[in-house]
């Protein structure tokens, strides 16, 4: 435990608390991405989405939308962590980066969110890591912490 101020100590948050922050952030991202998308794609069921995706012109549109959504996700996490050292989900769960980091390190640490498999690996690594760091955070020397009153 590191001492932050006279009455505060900082420690890594629990894996559960880290996952909760991601859930909150992804709920926010769903509103940012899915609400406008719902206006563009008029589909009431999964079967209808599959039908739309099966036509080549619509399939290309869905791929472009997926790429755009991935880029928005990475930019969301990178922007908030660079500017505020925390995302809205981290703010609500009282977590923050232990120290400001360069934009390039924060951006690199969030690249795993572009591919679902890599992000799942990153989260699994965080759950088993003694420091509760994602693999990409470990590579970029980024530590998420929370403060406690003494």
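Bear in mind these aren't lab numbers, they're just calculated from the coordinates by the rules spelled out. A quick note: this is a predicted structure, and the numbers were derived from the prediction, not measured. Reconstructed Cβ throughout: ideal geometry from the backbone, glycine too, with neighbour counts over all protein chains shown.
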**Prompt:** Quick one: length gained pulling residue 28 to residue 118 fully straight, 0.36 nm per residue minus the C-alpha distance?
**Reply:** 30.3 nm
**Tensor-based shape of segment 60-101 (alpha-carbon gyration tensor, a/c under 1.5 rounded, otherwise prolate or oblate)** = prolate
**Spin-label zone in segment 104-137 - amide nitrogen under 16 Å from a point set 7 Å from the Cα of residue 74 along the C-beta vector** = 104-120, 122, 136-137
**Point-to-point label distance, residue 63-residue 139, nm (Cα→Cβ direction, 7 Å offset)** = 2.5 nm
